[in-house]
Structures are given as structure tokens and as C-alpha cells.
């Protein structure tokens, strides 16, 4: 198995080639690994009012998203494995606002300032529908693997777009792997699991923005690290560079 270090497999130690689902030392070849990531962020009233002052949890989510994006550096492993990232995002309540088209990491981080909490109700299904449209309509390499990070509490006030499950299934049908990330511990777990990709145990897996450590709220950098590891492993698995069972080993 390919050893895993901080966030990505350790492929620097040697030249690698494909052999029965494994990377093994030997022949040098170039392998492109473009990854497209889209953040879908709940800024409805149930999120905005969870912490005092109102809107402070939204600011924490922005900080989490910024930290996440800052870790997504393009990587070139000795000329063989080129992992490149493009990132976009929207935030939502009853409506959706695209705060960043899919772009570079640097542009995405600058665009985060555009997020201002919307308040009102929560239509997660419509947010997933818009997310899927944004990810599949933008021009991209056909080799890109698609990931979405949906940050919410799983609570809805309506489902005018067909419901969470229907829209999550449509996202999966379009090849989007969806991570379901809780804003805090105040959640509807059924809704959170409906959002998540398959297998649920991999794409839900208790990911969270704000966790309580020693009685104090703290951003969960552990969740960021775990999600990035899964994204890289899924991409390598799709290229037949890793056996699917190895993805489970990083959890």
C-alpha cells in the first residue's frame, strides 16, 4: 500500500507505475490528478442564531473554509503525480448566492469575504440542485473528479426542489462526491446522512466545523485533514492507482 502522510500519499520516495491497482517503484510516467471542489454553506437563521452574537457561527464557518482552502496546494510528486485544485462555492438559506465561481485557491479565499448570513428558512434540496448545476456546467477537464463539502445542520423549513435525498442522488448521478459536514453539534443527523455520498460512513463520518474541546469551542482541523485525505485517495482510486479498500484505511 502507498504510505499516507499529512493529507496526501507519500509518493516522493520513488518513481511509480500502475500495476494491478497499485503504485509500485519503476517506470516513470506523468499522471494528472485535477480535483474540483465546491463548498455549499448554510447561512440560514438556524445556523446564524446558534451562537451569540447572531452570525458568529457563520463567521466560524468562513474561518473553517478559509483554513480548508489554504491547505489545498497544487502538488507535483517528482514529475509523476500532478494534483491540481480548483474551488468554488455558494451559500444558502431559502435562496442561494454564489460567492465564488470555480477558480484558483487564491481567488476563492478572497471571495469568502462576500458571505453575509442570509437568515430566513432553509431549503437544502434547492442548494444541492444549484450546487450540482454549478459544478457540471463550468468548463473543466474531463479527468477532473468532483467533490462538494456541504456545511449545514441538516434542518430544513421546506423542500420545494424535491427533497434532500432526491437532489443528493442527482448530485451523485453526476459524479459528485458529497461530504456532509456539521456546523456544530446541533444537527438533524438524518438530514446530514441524506446529504452524504456513498458510502455514508466515509462521506459523513462525524465531520464538523466547531467542536467542543475542554469546554471551549474550537475549529476542527482534524475534519479538514481527514476530508482532504479522502479526496486524494478517491481520486487515486478512480485512476486505478489504489485499491478501494485502502481508502478505508485512512479513516
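The values are calculated or read from the model by the stated rules, or taken from the named source; none is laboratory data. These figures come from a predicted structure and were not determined experimentally. Here the Cβ positions follow ideal geometry from the backbone for every residue, glycine too, while neighbour counts run over all protein chains shown.
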For the list (1) part of a strand (DSSP E or B); (2) crowded, with 16+ Cβ neighbours inside 10 Å; (3) modelled with pLDDT under 85, I need the number of the one condition that residue 85 fails. (3)
Selection within the stretch 149-177 - part of a helix (DSSP H, G or I) and touching a strand residue (DSSP E or B) at 6+ places or on another chain (Cβ under 6 Å): 171
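Scan the stretch 168-194 residue by residue and report those that are closer than 24 Å to residue 56 by Cα and touching a residue at least 40 places away in the same chain (Cβ under 8 Å).
179, 181, 183, 184, 186, 191, 192
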Collect the residues in the stretch 131-155 that are surrounded by fewer than 21 Cβ atoms within 10 Å (Cβ to Cβ) and more than 29 Å from residue 82 (Cα to Cα), keeping them in residue-number order. 155
Could you please let me know if residue 111 is part of a helix (DSSP H, G or I), at pLDDT 95 or above, farther than 20 Å from residue 209 by Cα and over 15 Å from the mean Cα position of the chain (by Cα)? no
Which of the following residues is assigned to a helix (DSSP H, G or I), exposed (fewer than 13 other Cβ atoms within 10 Å of the Cβ) and at pLDDT 85 or above: 201, 194? 201
Can you find even one residue in the stretch 31-44 that is surrounded by 15 or more Cβ atoms within 10 Å (Cβ to Cβ), more than 16 Å from the chain's Cα centre (by Cα) and at pLDDT below 70? no
For residue 182, work out the one condition from (1) within 15 Å of the chain's Cα centre (by Cα); (2) closer than 28 Å to residue 32 by Cα it doesn't fulfil. (2)
Report the residue count in the stretch 28-79 for those that are assigned to a loop (DSSP other than H, G, I, E, B), more than 30 Å from residue 158 (Cβ to Cβ) and touching a helix residue (DSSP H, G or I) at 6+ places or on another chain (Cβ under 9 Å). 4
Residue satisfying all of: in the stretch 94-123; out of contact with any helix residue (DSSP H, G or I) (no Cβ under 7 Å at 6 or more places or on another chain) and surrounded by 20 or more Cβ atoms within 10 Å (Cβ to Cβ); nearest to residue 238 (Cα to Cα) among these: 102
